[in-house]
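Participant: Okay, here's the structure, questions in a sec.
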Number of protein chains: 2
Amino acid sequence: MPHALSTDLYELMMAAGYHAVGERPRASFELFVRELPPTRGYLVAAGLQQVVEFLESWACTPDEIAYLRELPALGGARREFFDHFLPQLRFTGDVWAVPEGVPVFAGEPLVRVTAPLPEAQLVETALLATVLFQTSIASKATRVVAAAGGRSVIEFGGRRAHGTEAAMLAARAACLGGCSATSNLDAGFRFGVPVSGTMAHSWVMAHADELTAFRRYTEVHGRRSVLLIDTYDPLAATQLIVEAKLQPHAVRLDSGDLGNLSRTVRAILDAGGLGQTQILASGDLDEYRVAELVTSGAPIDGFGVGTALSTSRDAPALGGVYKLVEIEREGVMVPLMKLSVGKQTVPAAKQVWRIPATGRTERDVVALEAETIGYGSPLLRQVMRGGVRCASSPDVFDSQAACLDAVGRLPESVRRFREPGPFRVDRSVGLERLLSRMMQSPTGAV
Amino acid sequence: MPHALSTDLYELMMAAGYHAVGERPRASFELFVRELPPTRGYLVAAGLQQVVEFLESWACTPDEIAYLRELPALGGARREFFDHFLPQLRFTGDVWAVPEGVPVFAGEPLVRVTAPLPEAQLVETALLATVLFQTSIASKATRVVAAAGGRSVIEFGGRRAHGTEAAMLAARAACLGGCSATSNLDAGFRFGVPVSGTMAHSWVMAHADELTAFRRYTEVHGRRSVLLIDTYDPLAATQLIVEAKLQPHAVRLDSGDLGNLSRTVRAILDAGGLGQTQILASGDLDEYRVAELVTSGAPIDGFGVGTALSTSRDAPALGGVYKLVEIEREGVMVPLMKLSVGKQTVPAAKQVWRIPATGRTERDVVALEAETIGYGSPLLRQVMRGGVRCASSPDVFDSQAACLDAVGRLPESVRRFREPGPFRVDRSVGLERLLSRMMQSPTGAV
């Protein structure tokens, strides 16, 4: 999980620079995604709980400070930087954020941090890595779950995730985005999300024959057993199960033509009196394959989705940034923007207002923090005040319910898997005015 | 980092099953990648150090056992499973593996674990997530480094990695694959790899004007300073640096037409007597963009490569698996294979022999463990014996040197970025004979 050194060296070099001249004006940074990946019509905010836990416990250990002290790159830092600033480092700022599970769009702040400049700066890398990754996975999960049309989707992808921490966080975000369970025990242990388990091919191979393997499993796990039937021949395996009068909860298909196999397996099970035994399918599934299987009427009761989900394989990274939007000068907050080609930022602390229209979400308005947009609801809520948490983190499945409801209210075109339509995000009158005023000034200052 | 619950529930369900019948035959599992991603002609093995550290310290905590005891899915496990088996769980097996930094191909075992079956089974998920992720990143790094043609490549992608642990491990693997440094402090702290830092746009924006921002930075960081020149206008910023007679180590361009900008910036620096000041470029770079810039002769001295590298964006997951290849029956190891459609495995414990030809690597031969292939060198080496490490882990930069040398010996067609040619991997006579014998038997047993 993120800790004080989960950051880039330049953050420390800048902190040493601010320290050297004794500067710590308050500043606000906003975390947002510049542009959605081509296959994403919306994103689902996730990772906030880990952000708050990180900021609450943020501190440098003596070992870490000893390491930093010896770094040639920090050779210009003052001695007090290592002796006082780093040992006393704590997060004392305010955080506003979009709750987990809420759909968001390009250019909308997901998190806003207001704190003394060095503090707000130093946490950049950890906040981006934490929020962007879980947001990717939660977004992907809502697509797979939508494709499954009410059938259960279980996250199976830990083994292909980007390391074991990523596996655990992907499982969490997948549940947030609608999965009914995960195979990942670490996520179950830490977050209380339901875990689900089947059987590996190795279990079948380790026994003298398939029937012995199936019998042994059901002797231990009884009605909970999910028997994997494709190690050799899936139809023969199903026949064995019927003949042996085993009564597994489900059988799992992990290879071959899942549509046709599931039909034949269903027929064998039904003819053998195993109408209650479900069929689970897995094996390189994603929202497209799941949608095909569901549309074709394949009698599959649940899907195990792995790699495509745990890595958001078709969009494995989001172009998310964390940008300085205002700074305290002579006691007042002054808006700031950058003008880099193709990477301009929008100045000032902002709020996002979501505008409904008869049960649907019509559009968003990005406004200055102080504005109120009638008929809308503000998305960002305060979660930390003066470095202390001021809102409880909802349970993953409470966030899931809110997520599925909110995604369901988005225009259908925005939810399309391929070439999704745009969602309307306007700027408020106040923000437009500020922007056009600042564009006149070559350094972006007002 | 991986720990005992970094696993899938089914591994525990199978372990409970083996425990219930008192079975713990020795078994060998091999970790390999079924098929390379379309843009990869080779992979570079990585992550072994973390695998060995994980296996050495593998144990369940009382809290974890208390969690498992209450899981409905493990309701069929015997009480002794929680009271004795889990508390006493340690890794007691042997591990053979391809050293980090060595190129590998589809179907070649990267790691072979031989241990009592439940132990070897339970570590599957953590081993896959650990090895496959770092292998992805190290492989990607070798491509970016090759594209840079001797200019330095610095890993900058922590903020877009799949969480902060992934950021740290990606930085490590990127250094293994040839990067000269990373911006990630956590990787520097843990692995001693060089760290490198520049300046963010926020530093420039936080100051009243660009010149003040540059002056303040160089006052603290002196000749180590890398000044970011694209917050407003890169050419005007370069002019400011020259006129103020600052002498930064480098300037960094992070947006716009990097080729043309670097030429003009170079000219301004040279005309201003700053011929020693380097130009670094960053901003959505990958091996293709880097190769274009280098080929066009852009005067860029180093590249900061972020998201594309830290997520292996074009190939963010590898189809890697961990398969049972032999099991002890009545005191002898018996080879095993599975026949699932499109997912057949190759039986028996194996060794990979690399065959050289006048300074180049010509082909590999996958052989039975006991075979010797003349003129070749075996790739897998024993790293653990009876649960204890029996080989030291080389330093990341020792592995890097071996990696760059070995990749350089691969046929040029295999190293191509787009549509790489195949590398010849043969099967030994012994392995072919075993395979054809086992294909006769419908359950794959000999």
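Each value in this text was obtained by applying a stated rule to the coordinates, not by laboratory testing. These numbers were taken from a predicted model, which means no experiment stands behind them. Note: ideal-geometry Cβ built from the backbone for every residue, glycine included; neighbour counts use all protein chains shown.
Participant: If neighbour count is taken as other Cβ atoms inside 10 Å, put A:T135, A:T114 in order from fewest to most.
Facilitator: Details: A:T135 28, A:T114 22.
So the ranking, lowest neighbour count to highest, is A:T114, A:T135.
Participant: How many Cβ atoms of partner chains, on average, are near each residue of B:305-317 if near means within 10 Å of its Cβ? The partial results should precede the final answer.
Facilitator: Details: counts 0, 1, 6, 1, 0, 3, 7, 4, 3, 1, 2, 10, 13.
Mean partner shielding for this stretch: 4.
Participant: Same structure again: Shape call for the stretch B:302-446 from the C-alpha gyration tensor, a ≥ b ≥ c root eigenvalues: rounded (a/c under 1.5), prolate (a/b greater than b/c) or oblate?
Facilitator: Cα axes put the stretch B:302-446 in the prolate bin.
Participant: Right, something else. So, how do all the Cα-to-Cα distances of the stretch B:71-206 break down into 10 Å bins, in percent, from 0 on up?
Facilitator: Result returned by the calculation: 10, 29, 27, 18, 11, 5, 0.
Participant: Is chain B best put as rounded, prolate or oblate by its Cα gyration tensor, with a ≥ b ≥ c the root eigenvalues, rounded for a/c under 1.5, and otherwise prolate when a/b is larger than b/c, oblate when not? Walk me through the intermediate numbers first.
Facilitator: Values: a/c = 3.01, a/b = 1.81, b/c = 1.66.
In terms of gyration-tensor shape, prolate.
Participant: Over the Cα atoms of the stretch A:235-330, what Rg and Dmax result, in angstrom?
Facilitator: Expressed in Å, the Cα Rg and Dmax of the stretch A:235-330 come to 21.4, 83.
Participant: If you split all Cα-Cα distances of the stretch A:149-308 into 10 Å bins from zero, what percentages do you get per bin, shortest first?
Facilitator: 11, 39, 35, 14, 0
Participant: Rounded to whole Å, give me the distance from the Cα center of the stretch B:217-279 to that of the stretch B:1-67.
Facilitator: With the stretch B:217-279 and the stretch B:1-67 each reduced to a Cα centre, they are spaced 49 Å.
Participant: Sorted by mean Cβ packing within 10 Å, highest first, what order do the peptides A:327-338, A:117-128 take?
Facilitator: So the order, starting with the most tightly packed, is A:117-128, A:327-338.
Participant: May I ask you to sort B:F29, A:F105 by Cβ crowding, counting other Cβ atoms within 10 Å and putting the fewest first? Walk me through the numbers on the way to the answer.
Facilitator: Numbers: B:F29 25, A:F105 22.
The order, fewest Cβ neighbours first, is A:F105, B:F29.
Participant: Pick out, from A:Q344, A:A357, A:T372, the residue whose Cα sits farthest towards the positive end of the charge dipole of the stretch A:336-383, with +1 on the Cβ of Lys and Arg and -1 on the Cβ of Asp and Glu.
Facilitator: A:Q344
Participant: Sorted from fewest to most neighbouring beta carbons within 10 Å, what does the list A:S136, B:S413 look like?
Facilitator: Values: A:S136 29, B:S413 12.
Ascending number of Cβ neighbours within 10 Å: B:S413, A:S136.
Participant: A further question on this structure: Considering only DSSP beta bridges where both residues belong to chain B, give the percentage that are antiparallel (nearest 5).
Facilitator: Details: 38 of 58 bridges.
Antiparallel bridges make up about 65 percent of those DSSP assigns within chain B.
Participant: Next up: Take B:R90 and B:E53, extend 7 Å from each Cα along the Cα→Cβ direction, and tell me the distance between the two endpoints in nm.
Facilitator: Here the modelled spin labels are 2.1 nm apart.
Participant: Spin-label point model (7 Å from Cα, Cβ direction): what's the A:T264 to B:E243 distance in nm?
Facilitator: Computed distance between label sites A:T264 and B:E243 equals 8.0 nm.
Participant: From the C-alpha gyration tensor of the stretch B:274-368, pull out the three semi-axes of the equivalent ellipsoid (sqrt of 5λ each), sorted largest to smallest, in whole Å. Don't skip to the end; give the middle numbers.
Facilitator: Numbers: eigenvalues 434, 73, 29 Å².
In descending order the semi-axes read 47, 19, 12 Å.
Participant: Here's something else I'd like to know. Can you give the charge dipole size of the stretch B:153-244 about its Cα centre, rounded to the nearest 20 debye, using +1 on the beta carbon of Lys and Arg and -1 on the beta carbon of Asp and Glu? Numbers along the way, then the final one.
Facilitator: Numbers: 8 positive and 9 negative charges, 77 e Å.
I would put it at about 360 debye.
Participant: Excluding residues on the same chain fewer than 8 positions from A:K245, give the lysines whose Cα lies under 27 Å from its Cα.
Facilitator: B:K338
Participant: The protein assembly as shown: percent of C-alpha pairs farther apart than 50 Å?
Facilitator: Details: 78952 of 397386 pairs.
I get 20 percent for the Cα pairs in the protein assembly as shown exceeding 50 Å.
Participant: Given the peptides A:2-12, A:52-62, A:315-325, B:397-407, arrange them by the average over their residues of other C-beta atoms within 10 Å, most packed first.
Facilitator: Working: A:2-12: 23.9, A:52-62: 17.0, A:315-325: 22.4, B:397-407: 18.5.
Answer by packing, highest mean first, reads A:2-12, A:315-325, B:397-407, A:52-62.
Participant: Also, I was wondering about something else. With both partners inside the stretch A:215-356, how many of the DSSP beta bridges are antiparallel, as a percent to the nearest 5?
Facilitator: Details: 4 of 14 bridges.
Close to 30 percent.
Participant: Take every residue in peptide A:152-162, count the Cβ atoms of other chains within 10 Å of its Cβ, and give the average of those counts.
Facilitator: Working: counts 0, 0, 0, 0, 2, 3, 7, 15, 12, 9, 19.
Counting other chains' Cβ atoms within 10 Å and averaging over A:152-162 gives 6.
Participant: Highest mean first, how do A:216-228, B:152-164 rank when packing is the count of other Cβ atoms within 10 Å averaged over residues?
Facilitator: Working: A:216-228: 21.0, B:152-164: 28.1.
Ranked from most to least packed, the peptides come out as B:152-164, A:216-228.
Participant: Hey, got the dipole for the protein assembly as shown? About the Cα centre, +1 on K and R Cβ, -1 on D and E Cβ, debye to the nearest 20? Walk me through the intermediate numbers first.
Facilitator: Working: 90 positive and 98 negative charges, 164 e Å.
Dipole of the protein assembly as shown, to the nearest 20 debye: 780 debye.
Participant: Hey, another quick one. Based solely on its DSSP helices, what 222 nm [θ] is calculated for chain A when runs of n ≥ 4 H residues each add -39,500 (n - 2.57) and the sum is averaged over all residues, nearest 500 deg cm²/dmol? Spell out each step's value before the answer.
Facilitator: Values: 16 runs with 164 residues, N = 446.
Result for chain A: -11000 deg cm²/dmol, rounded to the nearest 500.
Participant: To check you understand DSSP bridge types, tell me what percent of the beta bridges within the protein assembly as shown (both residues inside) are antiparallel, rounded to 5. Before the final figure, lay out the partial values.
Facilitator: Details: 78 of 118 bridges.
In the protein assembly as shown, approximately 65 percent of DSSP beta bridges are antiparallel ones.
Participant: Does a label point 7 Å from the Cα of B:R79, set along Cα-to-beta-carbon, have any residues of the stretch B:12-31 with amide nitrogen under 19 Å, and which are they?
Facilitator: Only B:16-17, B:19-22 fall inside the zone, counting backbone N under 19 Å.
Participant: Give, rounded to the nearest 20 debye, the magnitude of the charge dipole that chain B has about its Cα centre when Lys and Arg contribute +1 at Cβ and Asp and Glu contribute -1 at Cβ. Please list the in-between numbers first.
Facilitator: Details: 45 positive and 49 negative charges, 152 e Å.
So the magnitude is around 720 debye.
Participant: What average count of beta carbons from other chains do you get within 10 Å of the Cβ of residues in A:227-237?
Facilitator: Mean inter-chain Cβ contacts per residue within 10 Å come to 3.
Participant: When we measure straight from the Cα of B:K343, which aspartates and glutamates land under 12 angstrom away, once same-chain ones fewer than 8 places off are left out?
Facilitator: A:D230, A:D254, A:D284, B:E35
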